[in-house]
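Okay, structure first, notes after.
The values are calculated or read from the model by the stated rules, or taken from the named source; none is laboratory data. Since this is a predicted model, take the numbers as computed values, not measurements. Ideal geometry is used to build each Cβ from the backbone, glycine not excepted, and the neighbour counts take in all protein chains shown.
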Amino acid sequence: MDTEAEIAEIAILGGVGFNSHRDCENIPIKTPFGRITAYLTSIKGRNIAIIPRHVEEIHIPPHRVNYRANIWAVHSLGVKRVISTNSVGSMRGHPVGSFVVLDDFIDFTCSRFSTFYDDKTVHVDVSEPYCPEIRAALRYSLEKKGIAYTEGVYACTEGPRFETRAEIRMMSQFADVVGMTGVPEVVLAKELSLCYASLATVTNQACGMTTQKLTAEEVTEVVGKAQDSIFEILSDAIGKIPETRNCMCRFAKEGACL
């Protein structure tokens, strides 16, 4: 795939409660996987494209988000770096409202289109799924603001239901937080040799970690309260990301094709 002229340098893929795009210039993008709308703005002097995952006439459930269209669209805008925001449940007792910079993932999804390459075999390298340069910028921003954070492994489930207690007991042996939107997004980004990293917001304790019932309203409420902090963190991180990519993300597809 050939990219067009660079319209944006960095993309932000937003999750629940991500509504700052409303005051931005919108641009419709046609992709082989459907049409999406990107919202263009400038942060720290850099051109940014914002793509909310769930926004349409109705809230798109996580298993029906058009991940391929979203990633294809940012690539077509000339974007080389993607910052994802994700809502997660904690399997390690992280405080609600705290942040996790993801460093690896486990995929428990089952029905999603997980590759751009259906007609040929591409074994893309995901030994380092999250870009070290973007992760360093996120850590810098969090530390600059004195915000406590952790790093950890993300387990992605199919949804849209919440997980069972048994599933959480099993996944907690291998992962720290659980969510429904991080995969296949990160893999698709790798297939296009993009830099990708995620700032996860803990919205709840995972099923069985407390005696309380999990609710969607709880997730939305926590993310809504965290919006100002999220944008401040992302803004500082964007200013810290090097203009030239020196990481290995750009070589993710080398040697992958049979």
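Only one of Ile60, Ile43 is closer than 26 Å to Glu133 by Cβ and either of a type outside the set (Asp, Glu) or under 19 Å from the mean Cα position of the chain (by Cα) (or both); which?
Ile43
Can you report the number of residues in region 159-194 which are hydrophobic (A, V, I, L, M, F, W, C) and surrounded by fewer than 18 Cβ atoms within 10 Å (Cβ to Cβ)?
Number satisfying all stated conditions: 3.
With the condition kept exactly as written, say whether any residue in region 34-54 is charged (D, E, K, R) and at pLDDT below 90. Spell out how you get there, then give the answer.
Here is the first cut: in region 34-54, the residues charged (D, E, K, R) are 35, 44, 46, 53.
Still in the running and at pLDDT below 90: 53.
There is at least one residue in region 34-54 that is charged (D, E, K, R) and at pLDDT below 90.
Right, Asn246: touching a residue at least 24 places away in the same chain (Cβ under 8 Å), under 14 Å from Gly89 (Cβ atoms) and over 17 Å from the mean Cα position of the chain (by Cα) or not?
no
Would you mind stating whether Phe113 is of a type in the set (Phe, Trp, Tyr), surrounded by 15 or more Cβ atoms within 10 Å (Cβ to Cβ) and closer than 29 Å to Thr31 by Cβ?
no
Can you name the number of the only condition in (1) out of contact with any Gly (no Cβ under 6 Å at 6 or more places or on another chain); (2) assigned to a strand (DSSP E or B) that Asn204 fails?
(1)
Pairs only if they're at least six apart or on different chains, beta carbon under 9 angstrom, first in region 171-191 and touching a residue at least 12 places away in the same chain (Cβ under 8 Å) and among the acidic types (Asp, Glu), second crowded, with 22+ Cβ neighbours inside 10 Å and part of a helix (DSSP H, G or I); list them, first residue then second.
Glu185/Tyr67; Glu185/Asn70; Glu185/Ile71; Glu191/Ile71
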